[in-house]
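Peer 1: Have a look at the structure that comes next, please.
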Protein chains: 2
Amino acid sequence: MDLTALRKANPEHWAKATAIRTLTLDAVAAANSGHSGMPMGMADVATVLFEKHLKFDAANPTWPDRDRFILSAGHGSMLIYSLLYLTGNPHITLDEIRNFRQLGAKTAGHPENFLAEGIETTTGPLGQGIANAVGFAIAEEVQRAHYGKKVVDHYTYVIAGDGCLMEGVSQEAIGLAGRLELGKLIVFWDDNNITIDGTVDMADRTDQVERFRASNWHVIEIDGHDPAAIDAAIIEAKTTDMPTMIACESHIALGHAAQDTSKGHGALTDQQQLEAAKEAYGWPHGAFEIPADVKSAWEAIGARGADARAAWEERFAQISERKQGEFNRAYAGDTPKKLTSAIRALKKQVSEDQPKLATRAASEKVLGVVNPILTETIGGSADLSGSNNTKTADLGVFLPENRKGRYIHYGIREHGMASAMNGMALHGGIRPYGGTFMAFTDYARPAMRLAALMKIPTVFVMTHDSIGLGEDGPTHQPVEHLAISRATPNTHVFRPADMVETAEAWELALTSKDTPAVLSLTRQGLPTVRSEHKTKNLTAQGAYVLADAEGKRQAILIATGSEVSIAMEAKAKLEAEGIGTRVVSMPCMELFAAQDEAYRKRVLPGGPVRVGIEAAVRLGGWDRWLLGERGREAKAGFIGMSSFGASAPAGELYEHFGITADATVSKVKELLG
Amino acid sequence: MDLTALRKANPEHWAKATAIRTLTLDAVAAANSGHSGMPMGMADVATVLFEKHLKFDAANPTWPDRDRFILSAGHGSMLIYSLLYLTGNPHITLDEIRNFRQLGAKTAGHPENFLAEGIETTTGPLGQGIANAVGFAIAEEVQRAHYGKKVVDHYTYVIAGDGCLMEGVSQEAIGLAGRLELGKLIVFWDDNNITIDGTVDMADRTDQVERFRASNWHVIEIDGHDPAAIDAAIIEAKTTDMPTMIACESHIALGHAAQDTSKGHGALTDQQQLEAAKEAYGWPHGAFEIPADVKSAWEAIGARGADARAAWEERFAQISERKQGEFNRAYAGDTPKKLTSAIRALKKQVSEDQPKLATRAASEKVLGVVNPILTETIGGSADLSGSNNTKTADLGVFLPENRKGRYIHYGIREHGMASAMNGMALHGGIRPYGGTFMAFTDYARPAMRLAALMKIPTVFVMTHDSIGLGEDGPTHQPVEHLAISRATPNTHVFRPADMVETAEAWELALTSKDTPAVLSLTRQGLPTVRSEHKTKNLTAQGAYVLADAEGKRQAILIATGSEVSIAMEAKAKLEAEGIGTRVVSMPCMELFAAQDEAYRKRVLPGGPVRVGIEAAVRLGGWDRWLLGERGREAKAGFIGMSSFGASAPAGELYEHFGITADATVSKVKELLG
């Protein structure tokens, strides 16, 4: 590239873009780690986008009707940090830039949404940003349909690299966005032809333009260093009803000795080469130094949206107070008071009726109560609507012809669904939930982990949660998936025993503001074990005494979900033999761990032998409760799975794998000696 | 469809295909569960493929040079069971068909490779089969280049449905296959426009033909019920150098009342409708009844390959004895004796040199010794070759112009890589290993689980295995991933402490025949802790006493990987204070659990306090060893992670999260009281 020609053609643009490039070089050099090349290659695109199109007010980074900017190629984090600092974001100061990648800095190695307002999502694991963006765009469409375009009318912009597009989740995102005709989604593809191992060509020769077109995207191809072309492409993208991909031919590490090489992808820290690059840019300034005129020009961009924001606030004030209240409540992540009373009424009814019901079916009934009250829920399933029981009658299907629809047929795309749900939760004002079989936690994992890391309350409805699914066999039978989610920090795994606990779990999931929930639900029918109505949400304590020993307490059975009724059956048999047995239902280990020690001791006193019952592997957190968290507490055993399952009717499998009341009784007696 | 016209046009074909359809209907009805529609829709394609093209000998289903047939749409398992039974596979008898989906039957809900020879891979989780197939086709190319086409020359055929193609992993597979020009890979797309939730159109409007073409596939579009068109398409597909996708327009549940509906996808058990379908087929036979002439015709197809197999055996006998030996050894999954001695020599050298080395770098050195000896290894990385240290000098890169290359640049496709590796392992004669960052276990999970379920020894090289990766931050720092893999049945998770243990772990991974290995390797440098050479592979015991207490044993420190040297440092400090401390290195919990109780007791005797040290969550199997597997054994504590990590230099993170020798010392003293 002839940098001088670029500079002379548009010196003001050049100075602004170069500010990004040099901040990147300086920050990466100071940290002695990071990724220099991507921000340097996409600085022109980002500059034009922020200067001419992105609707934002740097001083108010959470203004609800802002355009969303998502850096899917999250390793290029200095791009977003530079933009935030230059435009005057209150959180990303020059000190933060200087502390890039250091402990406690908001400028983490990859952008973390929870460190600074203005960072819309956490990216780095490739493909997540573009898949989140589908959720952002869905959220915008749904809210625009609900509140009107005077209140909600914004774009979702994404910068994605070759890595994002090679990850399979991108195909799920592209396919879904194309089908749903998310016209306000605009993706810039950083077409620099470089990955870590070498040129893209080493591993891929996919024609990305044709690939996007095959999924109904509008595609524009431009020189990613030509400001006029970038501007024209964005203008064109805004006119189409389909999502747009702008293929930006770019040079990674533009102007550096490592330009157009995979070395340029990484940390460019050589001081001499750094100086040479700055010289080639015509940038005589010191490290981290941005000339006042350039900073002012960028700050003007950051302030450009203030009027639009003020105008928006006026328009917002004009909608009905009810709508305003609903909007503000949903954005705050609050639930209406009515929800609690409705859940309580449902619990009371269930305790009386005592239905025998699969918890997935119970979940559908709970959603039937929840969805009309919580207008911000968006449900869905990865092509298992009837099996996951996620669709309630009132929702309507979200499609181009029905933007008010609140149910999404995600297709056979568990990963894309989970990422899109995260995007909706991050967008604000939406409570997404979506279902698949629990074994397919595996497919959704990258996004489930990010929900936990990002502190967002996405709800993952995982049905068919054990060998209880029966004939579909071991590929479809989770045995380690409770362990997987329980091992993940900041995740609440609920495994309700009946419809009462299912209602309680949903209440907790829907009132959470910063912790995702995994609902582990059965395929098979279960009796109601909570036959005595309690107003209090007992699931909130994580575990509780469901039924105490009748005589002297010799054994404690701890069970979750479908195995609680087995524990109750075992208790009856044990009591009949004079062995006093307590049954503890433990629908959420994480919440139980969060109770004070006195409560935990009350539920699980030392002394009696303990048997855990769960149709899953013991490694899923059991030893802490069985062996005693303080050590030396009890003799203990476990009734569960230690291998993969098998294909057969559910009842036979429970017998075959020895997860029965009789096996529990034997284990207790063996421990009592 | 006019079934009568179809039948009259080609009565012999019709009878054979109808045998598949009616066996499917009868088996699903008997099981009262399963998926009828897919086998009914694809019976014509499968019949033509098996009759006219598939090179196989039903009596010898493991003949190495057979064509591979992969049912990616695994829910349609009755298709493959019907084909195996009809052609005379010795394992799938009519009794097995009658016992479809019952406990102990080889005819599980989804096809399981380990239940019957002839089932090439386990499918059901969608997209896996097509991604496995890429590995099968790579294996064939590599072996053909190595042994010559007189010995290796076969096709890989796949039937994939809309579900497979919507899953993101299919894009990874398609992109990789297109780039690698796997011309002997032929995929039939069952284009029936139906998914569980409804028509495909509800969730996807991707033009699959254009999508495949964009990734350099040859595409042919046919009527999937026209035998002549099917035959012509396969003939054409064989002539191209590129992978071929044959789009087969088909009718799910052909001829049944549920034809072309999503009901047709599931279990069609209504007896009256079943009879009506049979009548429409012109099939007056009873349940499970196949007329002798039809069965004979199918058995002739099954026997068709016997001559080809005999001819192959003659050709095989003509290659050098050395090559024959190598071929047979690799197919048997055996390793040359030389491997053990080479590993021992390396260990001895390392014990003397005592390098300070990251275990990922140690791994590269081990591979440098292994790869020249084990000519069947195929290495690779998901675009992190330099970071995963998976590429050794001698391998060469596998590309269309270098089929002898043994290293694959998989691109940014962790899931596709893992599935392709599984395919290579299943193909036989290949030992695949591949790398990514351990946090991206999440991306590869569906295939990692299947490796364990399928009992194949795929090796997953997971580097950057803790907060020790430093500045890239929490998105890239695994904390729960050891737990995830340890919770998975039939998986060996190795976390070596230094180069000696790394060599031992590789030896175990490479000599395994039916258990996959996860190698958890550091980014950061580690001292050699195994400074005294032992010929014996100590890692094979899972855990062992690395250094015993000098005085009275008051504490046992149990650590893995990078934390073993921290344990050694803590021991030195504790001993200096007169607290006798044993250090147990535990590179593989699963192998330790498999030792006899006497050994486990010897390593972890009751009495002394125990502290576990691992820069990961405690839930990853620790409580069993800390609290005492027999209960009431020891007071215990854990030094590790209970949250996500952070972005900072590695050393600072270890301090910040309290994973240090000093913290360990304090914990021991606290427990000693």
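Peer 1: For the pair residue A:2 and residue A:338, how long in nm is the line joining their label points, each one 7 Å along Cα→Cβ?
Peer 2: 6.7 nm
Peer 1: What percent antiparallel are the DSSP beta bridges of chain B, to the nearest 5?
Peer 2: Among the beta bridges of chain B, antiparallel pairing accounts for roughly 10 percent.
Peer 1: Per residue of B:465-474, how many C-beta atoms from partner chains lie within 10 Å of its own C-beta, taken as a mean?
Peer 2: Partner Cβ neighbours, averaged per residue: 5.
Peer 1: Moving on to the next point. Taking each residue of A:616-628 in turn, how many C-beta atoms of other protein chains fall within 10 Å of its C-beta, and what is the average?
Peer 2: 6
Peer 1: Students often check this: by mean Cβ neighbours within 10 Å, which of A:317-327, A:551-561, A:118-128, A:643-653 ranks highest, and how do the rest follow?
Peer 2: A:118-128, A:551-561, A:643-653, A:317-327
Peer 1: Just for the Cα atoms in the stretch A:478-543, what are the lengths along the principal axes, largest first, rounded to whole Å?
Peer 2: Result, largest extent first: 33, 28, 17 Å.
Peer 1: What are the lysines whose alpha-carbon lies under 17 Å from the alpha-carbon of residue B:347, with same-chain residues fewer than 8 places away excluded?
Peer 2: Leaving aside lysines fewer than 8 places away in the same chain, those within reach of residue B:347 are B:337, B:338, B:356, B:365, B:534, B:536.
Peer 1: Okay, next question. Based on Cα coordinates alone, diagonalise the gyration tensor for the protein assembly as shown, multiply each eigenvalue by 5, take square roots, and list the semi-axes in whole Å, largest first.
Peer 2: They are 42, 40, 36 Å, listed from largest to smallest.
Peer 1: Check which residues have an amide H placed less than 5 Å from residue B:639's amide H, if you skip close sequence neighbours.
Peer 2: Correct list: B:612, B:613, B:614.
Peer 1: With all pairs of different alpha carbon atoms counted, what Kirkwood hydrodynamic radius in Å does chain B show?
Peer 2: 26.6 Å
Peer 1: Any number yet on Rg/Rh for the stretch A:575-622, C-alpha, Kirkwood?
Peer 2: 0.99
Peer 1: Could I ask something else about it? Using only Cα atoms, tell me the angle between helix B:168-180 and the longest principal axis of chain B; keep it within 0 to 90° and round to the nearest 10.
Peer 2: 80 degrees
Peer 1: Give a residue-ordered list of calculated ³J(HN,Hα) values for the stretch B:659-673 (Karplus: 6.51 cos²θ - 1.76 cosθ + 1.60, θ = phi - 60°; whole Hz; x for Gly, Pro).
Peer 2: 9, 9, 4, 5, 5, 5, 4, 4, 5, 4, 5, 4, 6, 6, x
Peer 1: Once phi is turned into θ = phi - 60°, what whole-Hz ³J(HN,Hα) does the Karplus curve with 6.51, -1.76 and 1.60 give for every residue of the stretch B:63-68, x standing for Gly and Pro?
Peer 2: 3, x, 8, 5, 5, 9
Peer 1: Within the set of other residues whose C-beta is less than 10 Å from the C-beta of residue B:457, count the net charge using Lys and Arg as +1 and Asp and Glu as -1.
Peer 2: Its environment carries a net charge of +2.
Peer 1: Note the distances from residue A:240 to each other copy's matching label point, with points 7 Å along the Cα-to-beta-carbon direction, in nm, sorted shortest first.
Peer 2: Its label point is 2.6 nm from the equivalent points in the other copies.
Peer 1: Put the label 7 Å from Cα along Cα→Cβ for residue B:271; what are its distances to the other copies, in nanometres, shortest first?
Peer 2: Its label point is 8.9 nm from the equivalent points in the other copies.
Peer 1: PRE reach from residue A:271 (point 7 Å along Cα→Cβ): which of the stretch A:285-323 fall under 15 Å by backbone N?
Peer 2: Backbone N within reach: A:286-288.
Peer 1: Regarding the stretch B:430-492, what whole-number volume in Å³ per residue does the convex hull of its Cα atoms give?
Peer 2: About 75 Å³ per residue, rounded to a whole number.
Peer 1: What is the log10 of I(q)/I(0) for the stretch B:148-288, computed with the Debye formula using one identical point scatterer on each Cα and no solvent, at q = 0.14, 0.15 Å⁻¹?
Peer 2: Log10 I(q)/I(0), no solvent term: -0.75, -0.83.
Peer 1: I need the phi-derived Karplus couplings for the stretch B:589-599: 6.51 cos²θ - 1.76 cosθ + 1.60, θ = phi - 60°, integer Hz, Gly and Pro marked x.
Peer 2: Each residue of the stretch B:589-599 in turn: 4, 5, 6, 5, 4, 7, 6, 6, 4, 4, 5 Hz.
Peer 1: Which whole number gives the average, over all residues in A:377-384, of C-beta atoms from other chains lying within 10 Å of the residue C-beta?
Peer 2: 3
Peer 1: Still on this structure: Could you check the simple spin-label distance between residue A:307 and residue A:514, using points 7 Å along Cα→Cβ, in nm with one decimal?
Peer 2: 3.8 nm
Peer 1: Here's something else I'd like to know. For the stretch B:154-231, what's the radius of gyration and Dmax over Cα atoms, in angstrom?
Peer 2: 13.0, 38
Peer 1: Mind giving me the FRET efficiency for residue B:353 and residue B:393? R0 is 22 Å, r the Cβ-Cβ distance, nearest 0.05 is fine.
Peer 2: With R0 = 22 Å, the Cβ-Cβ based efficiency is 0.65.
Peer 1: Here is a follow-up. Using amide H atoms built in the peptide plane, which far-off residues or other-chain residues are under 5 Å from residue B:409 H to H?
Peer 2: The list, which skips near neighbours in sequence, is B:398.
Peer 1: Here's something else I'd like to know. Please work out how many pairs of lysine residues in the stretch B:106-246 are eight or more positions apart (or on different chains) and have Cα atoms closer than 23 angstrom.
Peer 2: Value for the stretch B:106-246: 5.
Peer 1: Could you work out how far apart the two model spin labels at residue B:207 and residue A:300 are, taking each label as a point 7 Å from the Cα in the direction of the beta carbon, and quote it in nm?
Peer 2: Each label point lies 7 Å from its Cα, and together they span 4.5 nm.
Readers should treat all values here as calculations from the given coordinates under stated rules, not as data from a laboratory. Quick caveat, the model's predicted, so the values are computed rather than measured. Glycine gets a Cβ as well: all are built from the backbone with ideal geometry, and neighbour counts include every protein chain shown.
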